[in-house]
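Read-outs: derived from the displayed coordinates by stated rules, not from any lab. Treat the numbers as computed from the prediction; the structure is a model and nothing was measured. Backbone-built Cβ (ideal geometry, glycine too); neighbour counts: all protein chains shown.
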Amino acid sequence: MSDRLKRALVESFIGTIALGYLLAQALLYFVGIFSRPVEQWVQQRMYPTLAANASQSFPIEAALPQAISFIVLLLVFYVLLRWLYFQPMVQRHPSLTRTPDSGWAVIFAPIPLPTPANTSYRKLGRRSGFFR
């Protein structure tokens, strides 16, 4: 079951999209570690009557939820990255292995350039064929 899920996540690129989303969220929480205390400090300065019982110092404890979320997201990102991409997938069926002739390799294969030996217009002559 785990191998089938891993194969589906890797081959359909859903795992890559999920990893990118987790990393983006972790970066947002990292920014929140620094911006949340500043935001709370500005709010305390603007509305002192609402924050009468709060301390007037810089509220560094406002960054704790952001820091915990950042660490948890980075751990989930790391575990998922290790599980999906740093352990080789086991091939169960030899017919599922990719060869250079399958998939996009055929579409983007280099096209051989014409040489005097393999051009067909020399065999047709000047007056016959397409160039009349």
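For the reader, a short list of remarks on this structure follows.
- Extension gain, LEU64 to SER2: 0.36 nm times the residue separation minus the Cα-Cα distance gives 18.9 nm.
- Ordering SER12, SER69, SER2, SER35 from the fewest to the most neighbouring beta carbons within 10 Å gives SER2, SER12, SER35, SER69.
- Counted over segment 2-91 with a bin width of 5 Å, the fraction of Cα pairs per bin, in whole percents, is 2, 14, 17, 14, 11, 10, 8, 7, 6, 5, 4, 2, 0, 0.
- Remark: spin-label model distance GLU39-ARG82 equals 3.2 nm, labels positioned 7 Å along the Cα→Cβ axis.
- Here r is the Cβ-Cβ distance between THR16 and VAL72 and R0 is 22 Å; the resulting FRET efficiency, rounded to 0.05, is 0.60.
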